[in-house]
Amino acid sequence: MTDIIELLNWRYATKKMNPAKAVPEDKVERILEAIRLTATSSGLQPYDMLVVTNPEVREQIKAIAWNQAQITDCSHLLVFAAWDNYTPERINMMFDLTNDIRESTNEGWENYRQRLLKAYPARDAEVNFQHAARQAYIGLGSALIAAAAEQVDCTPMEGFTPADLDNILNLPERGLRSVVILPLGYREEDGDWLVNLKKVRRSKEQFVTEIK
């Protein structure tokens with residue numbers, strides 16, 4: 001755990017990446033696996049991951065993302081895309097997958113399925129999307145820790161126009177909406193104004209409240 005804390009102190013939101021240095025595929029795969037294994041509400045895993053390496057597509061994304069250079073200087077751009085709604089088909093898919101993998105089911109589990117089938121699809125689609133988007137942010141947290149463990153630099157970004165990104169990646173056709181993006185790469189220290197600045201966080205006393 002000490003190593004993780006040291007690595008979290010090492011990481012920062014990289015502002016300048018070295019476009020000549022690519023992240024090895026095995027590191028990318030381990031970061032994606034950490035995201036895949038992340039907890040989600042009711043185990044529904046209501047978001048997909050897209051890995052964009054195509055230079056032309058990343059140029060299009062850069063243009064609708066405040067021209068942030070990390071998008072094209074990174075080697076892999078991760079896009080967290082949440083389900084646009086909870087549907088009976090999606091809920092049943094995950095419950096059926098659980099039954100298949102565990103090779104069993106039980107009354108309590110099936111009763112819980114019915115509770116979600118009754119509650120979730122009846123809600124407004126935007127409410128459901130926002131819920132799914134919050135699950136994607138849990139995955140983002142895992143990605144930041146996993147990237148630090150691999151000593152890969154990254155920058156979580158909300159600075160883009162979601163509707164435009166959705167169109168670039170044809171997300172509506174898949175029932176998805178973009179939530180947040182994460183460039184993966186390696187810092188170029190000479191051109192990054194943030195690299196040598198001290199990390200700023202509130203103290204434990206200011207941040208943590210103990211209720212005894």
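The values are calculated or read from the model by the stated rules, or taken from the named source; none is laboratory data. Bear in mind the structure is a predicted one, so any value in this text is a computation, not a measurement. All Cβ positions, glycine included, derive from the backbone under ideal geometry; neighbour counts span all protein chains shown. Calculation scope for accessible area: heavy atoms of the full protein, side chains included, ligands and nucleic acids excluded. Shrake-Rupley method; radii C 1.70, N 1.55, O 1.52, S 1.80 Å.
Quick one: length gained pulling Glu107 to Leu8 fully straight, 0.36 nm per residue minus the C-alpha distance?
That pair, Glu107 and Leu8, stretches by 31.4 nm at full extension.
Hey, can you rank 147-153, 168-174 by average C-beta count inside 10 Å, highest first?
Highest mean packing first, the order is 147-153, 168-174.
Could you check how much of the accessible area of the chain is carbon and sulfur, as a whole percent, using a 1.4 Å probe?
In the chain, the share of accessible area belonging to carbon and sulfur is 51 percent.
Over segment 82-212, what is the relative contact order in whole percent, taking alpha-carbon pairs under 8 Å and six or more residues apart?
About 28 percent, as a whole number.
Can you compute the equivalent ellipsoid semi-axes for segment 145-204, i.e. the square root of 5 times each eigenvalue of the Cα gyration tensor, sorted largest first and rounded to whole Å?
For segment 145-204, the semi-axes come out at 30, 14, 13 Å.
In debye, nearest 20: dipole of segment 95-212 around its Cα centre with unit charges on the Cβ of K, R (+) and D, E (-)?
640 debye
More than 26 angstrom separation, counting every C-alpha pair in segment 33-183; what % is that?
32 percent
Among 64-75, 155-166, how do they line up from the highest to the lowest mean number of other beta-carbon atoms within 10 Å?
In decreasing order of mean packing, 64-75, 155-166 become 64-75, 155-166.
Normalising by the residue count of segment 1-159, find the relative contact order in percent from Cα pairs under 8 Å and 6+ residues apart.
Result for segment 1-159 is 39 percent.
Which order, highest average first, do 108-114, 42-48 follow once you tally other Cβ atoms within 10 Å for each residue and take the mean per peptide?
The most tightly packed comes first, giving 42-48, 108-114.
Relative contact order, percent, of segment 152-197 when contacts are C-alpha pairs under 8 Å separated by at least 6 residues?
49 percent
Share of antiparallel DSSP beta bridges in the chain, in percent to the nearest 5?
95 percent
Treating the angle as unsigned and between 0 and 90°, give the value, to the nearest 10°, between the Cα long axis of helix 125-149 and the longest Cα principal axis of the chain.
The answer is roughly 50 degrees.
Here are some pairs, Lys16/Lys62; Lys62/Lys198; Lys62/Lys204; which of them have Cα atoms lying more than 25 Å apart in this structure?
From Lys16/Lys62; Lys62/Lys198; Lys62/Lys204, over 25 Å: Lys62/Lys198; Lys62/Lys204.
Would you calculate the volume per residue, in Å³, of the smallest convex hull containing every Cα atom of segment 1-108?
With only Cα atoms used, segment 1-108 gives 177 Å³ per residue.
Calculate I(q)/I(0) for segment 55-134 by the Debye formula, one identical point scatterer on each C-alpha and no solvent, and give its log10 at q = 0.11, 0.22 Å⁻¹ to two decimals.
These q points yield log10 I(q)/I(0) values of -0.51, -0.97.
Would you mind calculating the gained length between Trp193 and Trp66 on full extension (0.36 nm times residue separation, minus the Cα-Cα distance), in nm to one decimal?
Extra length from Trp193 to Trp66 when fully extended: 43.9 nm.
Given the Cα-Cα distance of Thr87 and Gln130 and 0.36 nm per residue of separation, how much length would full extension add, in nm?
14.0 nm
Could you pull out every one of the aspartates and glutamates with an alpha carbon less than 15 Å from that of Lys15, ignoring same-chain neighbours closer than 8 positions?
Reachable aspartates and glutamates: Asp73, Asp153, Glu158, Glu188, Glu189, Asp190, Asp192.
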